[in-house]
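A short write-up of the structure that comes next.
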Amino acid sequence: MSKKVAMIGAGYVGLVTGACFASQGHRVICVDVVPEKVEQINAGITPIFEPGLEDLLTHTRSEGLLNATLDAVSAIKEAELVFIAVPTPSKEDGSIDLSFVEEASHTIGRTLKEAEHWKTIVVKSTVVPGTTENIVGKIIEEESGKKRGADFGLAMNPEFLKEGKAVEDFLNPDRVVIGAIDPKSFDEVKALYEWTEAPVLKTTPTTAELIKYAANSFLAMKISFINEIANYCELLGVDVSEVAQGIGLDERISPKFLRAGAGFGGSCFPKDVAALYSHSKHLGREMRLLKATLEVNKRQPLRTVELLREEIGALTEKSIAVLGLAFKPDTDDMREAASIPIIRKLIEEGAMVKATDPIAIPNAQKILSHSNLEYYETISDTLKNTDALILVTEWEMFKQLTPLEIKSLMRGNIVIDGRRVWKPELFQKHGLIYRGIGLGRRDNKSI
Ligand code: NAD
């Protein structure tokens, strides 16, 4: 059955969720505080780069199922379900900043005061355990004078989509988790997901909140684990990809998230692990594995610069190409990208940096600007006359580069593979010096 949904926050999660619900016949109004976003969505243009999203916008808008507005109050009044999909960034100390969630809850509460019909409020933002019941529910009750369960529904429905594959992931989830305060709230949210055959987990809001954090923390921990093994492999003259293959074939471990590299970034893993760590510490049960996960990850991007230094010596006046800026391929998202500390370190050590990315340059320019840093649109302009290159983001176009192409463009011969995408022997055959994370030089054993 078609439902009316208001989506507060039209970013990666809100817009993708809204467009996907609309594609299944629900009527969705996306609310945002940024006028340009609202205008773009209403013109059928996606403000973020996500494969398949623009088609979905065009299609759902032509059917009158998706609109955007700055007017939260009207959108909430119209809706049967109100989703909160606003940011939950980290504070300086790593703890969660809930101010956007609180602001949205106040607006919802004030609007509910006048509401005549039942509405279910659903937290989609990633929030620390207890937030939906103790903060969102409480603010709405105080503002509206109404009671959860009796006058409005309350649920937490975490989102597991991956940027770059957001639409595909949303439409084909591994599971749907619905943490609801009562059966009515659960049924309302479940009705939105009628199209999927994925298992639906019925639970409490606090459990749902923790499932999201535990999932992200586990994946982040897996990456930091293989990176620790990788750094150790370098000392042994062992290739971490063989180790990863050897352990990944064990079905209890699985090969996913076992690729060593320059570390994880993005809008979720770093802040979510930090928020869960901070919350556990606050409650007096510090989760030390999470702290270690973050510490390993902070160091990891700089391993690429260390490998470079081992080959080139001092970096002063050296021209270094950086391939890839976004935190991962198929996105223009620069949040916590490994390219940021890598480029900063190269500049700090006196190098001249030439950087490229298929789509993230405009976002990178907002974060990284320096007289020793130049951005280039093409790979050939980037590599021309450089002494070395560092591959930071494994975009397909970089993976396809051949040693011959690289050799013909660079003046130097040093290749640092920060994502282990290339075959070392091919590069060595063409006279290039190849160094990769987790690949020990067999002539350089410490044992
Ligand atoms: P985002 O920054 O891309 O989007 C958030 C949007 O909310 C922005 O457009 C912002 O303008 C808008 N906004 C802020 N305050 C508002 C308000 N009061 N009213 C209306 N709009 C408001 O963030 P995102 O990546 O979509 O993340 C949102 C939440 O989802 C976060 O909690 C995040 O942790 C979680 N999450 C993100 C991902 C991901 O891959 N990006 C995946 C799963 C969960």
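The values are calculated or read from the model by the stated rules, or taken from the named source; none is laboratory data. The shown structure was predicted, so the numbers you read here are calculated from the model rather than taken from an experiment. For neighbour counting, all protein chains shown are included, and Cβ atoms are generated from backbone atoms with ideal geometry for every residue, glycine included. SASA here: full protein model, heavy atoms, side chains in, ligands and nucleic acids out. Shrake-Rupley method; radii C 1.70, N 1.55, O 1.52, S 1.80 Å.
Would you check which residues across the range 406-428 are in contact with a helix residue (DSSP H, G or I) (Cβ under 8 Å, 6 or more places away or on another chain) and either of a type in the set (A, V, I, L, M, F, W, C) or over 18 Å from Ile342 (Cβ atoms) (or both) and list them? Ile406, Leu409, Met410, Asn413, Ile414, Val415, Ile416, Val421, Trp422, Leu426, Phe427, listed by residue number. You will find that of Gly179, Gly149, the residue that is crowded, with 19+ Cβ neighbours inside 10 Å and either of a type outside the set (D, E, K, R) or under 29 Å from the mean Cα position of the chain (by Cα) (or both) is Gly179 and no other. So is Asn385 on the phi > 0 side of the Ramachandran plot, modelled with pLDDT of 95 or more and surrounded by fewer than 19 Cβ atoms within 10 Å (Cβ to Cβ) or not? Yes: the conditions hold for Asn385.
Inspect the range 334-345 for any residue being open to solvent by 10 Å² or more (accessible area, probe 1.4 Å) and modelled with pLDDT under 95 and give the result as yes or no. Yes, there is a match, as at least one residue in the range 334-345 is open to solvent by 10 Å² or more (accessible area, probe 1.4 Å) and modelled with pLDDT under 95. Only one entry of Thr331, Thr356 meets the criterion of being closer than 18 Å to Lys384 by Cβ and surrounded by 24 or more Cβ atoms within 10 Å (Cβ to Cβ), and that entry is Thr356.
Under the condition of being charged (D, E, K, R), under 23 Å from Lys366 (Cβ atoms) and in contact (Cβ under 8 Å) with a residue 12 or more places away in the chain, the residues counted in the range 304-353 number 8. Against the test of being outside any helix (DSSP H, G or I), small (Gly, Ala, Ser) and surrounded by fewer than 23 Cβ atoms within 10 Å (Cβ to Cβ), the options Gly265, Gly164, Gly246, Gly261 yield a single qualifying residue, Gly164. Residues in the range 268-286 that are part of a helix (DSSP H, G or I) and among the acidic types (Asp, Glu): Asp272 alone.
Pairs meeting the criteria (first residue in the range 68-79 and in contact (Cβ under 8 Å) with a residue 40 or more places away in the chain, second residue within 11 Å of the ligand (Cβ to nearest atom) and open to solvent by 20 Å² or more (accessible area, probe 1.4 Å), beta carbons under 6 Å, at least 6 apart or on different chains) are Ala72/Thr107; Ala75/Thr69. Taken over the range 132-156, residues that are of a type outside the set (Asp, Glu) and in contact with a strand residue (DSSP E or B) (Cβ under 7 Å, 6 or more places away or on another chain) amount to 11. Just a yes or no: is a residue in the range 437-446 part of a strand (DSSP E or B), modelled with pLDDT under 95, assigned by TED's automatic domain parsing to the domain that holds Ile361 and within 34 Å of the chain's Cα centre (by Cα)? Yes, the conditions are met somewhere in the range 437-446. Of all residues in the range 364-382, those satisfying the criterion of being open to solvent by 40 Å² or more (accessible area, probe 1.4 Å) and either more than 25 Å from Ile433 (Cα to Cα) or not assigned by TED's automatic domain parsing to the domain that holds Met410 (or both) are Gln365, Lys366, Ile367, Ser369, His370, Ser371, Glu377.
Of note, Glu159 does not satisfy the criterion of being modelled with pLDDT of 95 or more, more than 16 Å from the ligand (Cβ to nearest atom), open to solvent by 10 Å² or more (accessible area, probe 1.4 Å) and not assigned by TED's automatic domain parsing to the domain that holds Ala275. For the range 207-233, the tally of residues that are in contact with a strand residue (DSSP E or B) (Cβ under 7 Å, 6 or more places away or on another chain) and surrounded by 18 or more Cβ atoms within 10 Å (Cβ to Cβ) stands at 4. Restricted to the range 1-40, and to residues that are β-branched (Val, Ile, Thr) and assigned to a helix (DSSP H, G or I), which residue is nearest to the ligand (Cβ to nearest atom)? For the range 1-40, the residue satisfying everything is Val13.
Looking across the range 70-97, the residues that are open to solvent by 20 Å² or more (accessible area, probe 1.4 Å), closer than 30 Å to Leu294 by Cβ and within 11 Å of the ligand (Cβ to nearest atom) come down to Val86, Pro87, Pro89, Ser90, Ile96, Asp97.
I'm checking my understanding of the structure. Among residues of the range 1-59 that are among the basic types (Lys, Arg) and in contact (Cβ under 8 Å) with a residue 40 or more places away in the chain, which one is most open to solvent (accessible area, probe 1.4 Å)? Looking at residues that are among the basic types (Lys, Arg) and in contact (Cβ under 8 Å) with a residue 40 or more places away in the chain, I get Lys4.
Scanning the range 298-353 for residues that are in a strand (DSSP E or B) and touching a Lys or Arg at 6+ places or on another chain (Cβ under 8 Å), we see that the one that is nearest to the ligand (Cβ to nearest atom) is Val322.
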